[in-house]
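Here's the structure we're looking at; comments come further down.
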Amino acid sequence: MFGVNLFLWTAAYTDSEAHLIPMVKKLGFDCVEIPLDLLDAISVERTKTLLEENGLAVTGCAVVGERRDLVSDSAEIRKEALAYFTRCLQMLSAWGGTVLCGPCYSAVGKLTGEARTVEEWKRAVAGLKELAKVAEDCNVKIAVEPLNRFETYFLNTAEDAVRLVEEVGSPYVGIHLDTFHMNIEEKSLYQAIKVAGKYLFHVHTCENDRGTPGEGHVEWDEVFQALREVNYQGALVIESFVPGVKEIARAASIWRPLAPSSEYIAQKGLEFLKKHWNP
């Protein structure tokens, strides 16, 4: 199953961006990944209808800001984070969604200048254990994503992600790997995927420059080989960004065009994935 994240066209999915769902279908994708940020501006029923009309599977991407931080030392912020992730899971459940992905533990861009603490780790485990119960009720899996060191200090590698999900101990909490972050943090993309193994719930297929899959130096042959060996059954989702979506471009440090257009990244990326991924 091949998907694309709507971040390629918008900083935040709302009813105003609902037209993107049929466009994703026309581009040839099986799945649409919806960034879940402005939840109050999303009509659950309208989106559900569009998904059904276009025959698209759906995954959700958590947008984790400073008030959605499960490892915060503020009990109030941790409570807000739990409420946000709960709403995301419930929304996806209403859409028949399968996975909530992203850094479902700490705010993106939060850097303390130090390594994570034992207390922060305990908070992440406790928070995810609580969310695992919600995920089970909703029948939606949570896939926690290691990010590169410039975006988080908390979780950077597949090995640490395995440790985290094993301590949570729920079949509804697993791992989301992104080849862009892996290309920075892992010594081997093949080994990282093998380490994630049975816990791998979700994959973002991104080039080393965060541009079009297949047009950079990511070792795709070893990525696809490892995915086959772990019997990966989830979606391969393109997540890329363009300077025109200014809020996301600032957050992801996209200062120059990575491709001629958003549609180019989607179309050429999909062609590449379909050519090379046939599990």
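The values are calculated or read from the model by the stated rules, or taken from the named source; none is laboratory data. What you are looking at is a predicted structure, and each value in this text was computed from that prediction instead of being measured. Because the Cβ atoms are built from the backbone with ideal geometry, glycine has one as well, and the counts that use them run over all protein chains shown. The area values use the complete protein model at the heavy-atom level, side chains included, leaving out ligands, DNA and RNA. Shrake-Rupley method; radii C 1.70, N 1.55, O 1.52, S 1.80 Å.
Quick one: is K275 at pLDDT 95 or above, over 25 Å from K141 (Cβ atoms), loosely packed, with under 15 Cβ neighbours inside 10 Å and over 17 Å from the mean Cα position of the chain (by Cα)? Yes, satisfied.
Summed over the stretch 169-181, residues that are part of a helix (DSSP H, G or I) and open to solvent by less than 10 Å² (accessible area, probe 1.4 Å) total 2. Number of residues in the stretch 98-112 that are surrounded by fewer than 21 Cβ atoms within 10 Å (Cβ to Cβ) and among the hydrophobic types (A, V, I, L, M, F, W, C): the value is 2. Restricting attention to the stretch 80-94 and to residues that are among the hydrophobic types (A, V, I, L, M, F, W, C) and in contact (Cβ under 8 Å) with a residue 12 or more places away in the chain, the residue that is nearest to C31 (Cα to Cα) turns out to be L92. Of all residues in the stretch 98-133, those satisfying the criterion of being touching a strand residue (DSSP E or B) at 6+ places or on another chain (Cβ under 9 Å) and aliphatic (A, V, I, L, M) are V99, L100, V108, A124, L128, L131, A132.
When the residues of the stretch 218-243 are filtered to those that are more than 17 Å from Q191 (Cα to Cα) and surrounded by fewer than 16 Cβ atoms within 10 Å (Cβ to Cβ), the one that is farthest from the chain's Cα centre (by Cα) is P243. Does E119 fit the bill of being touching an Asp or Glu at 6+ places or on another chain (Cβ under 8 Å) and charged (D, E, K, R)? Criteria met by E119. Among strands (runs of 3 or more DSSP E) entirely within the stretch 1-83, having at least 1 residues that are modelled with pLDDT of 95 or more and open to solvent by 30 Å² or more (accessible area, probe 1.4 Å) singles out 57-62.
In the stretch 129-166, the qualifying residues are those that are among the acidic types (D, E) and in a loop (DSSP other than H, G, I, E, B), and the one that is surrounded by the fewest Cβ atoms within 10 Å (Cβ to Cβ) is E151. Of everything listed in (1) out of contact with any helix residue (DSSP H, G or I) (no Cβ under 8 Å at 6 or more places or on another chain); (2) under 16 Å from K133 (Cα atoms); (3) of a type in the set (A, V, I, L, M, F, W, C), the single unmet condition for V168 is (1).
Considered as a group, the residues in the stretch 84-97 that are open to solvent by 10 Å² or more (accessible area, probe 1.4 Å) and of a type in the set (G, A, S) include one that is farthest from the chain's Cα centre (by Cα), and that residue is A94.
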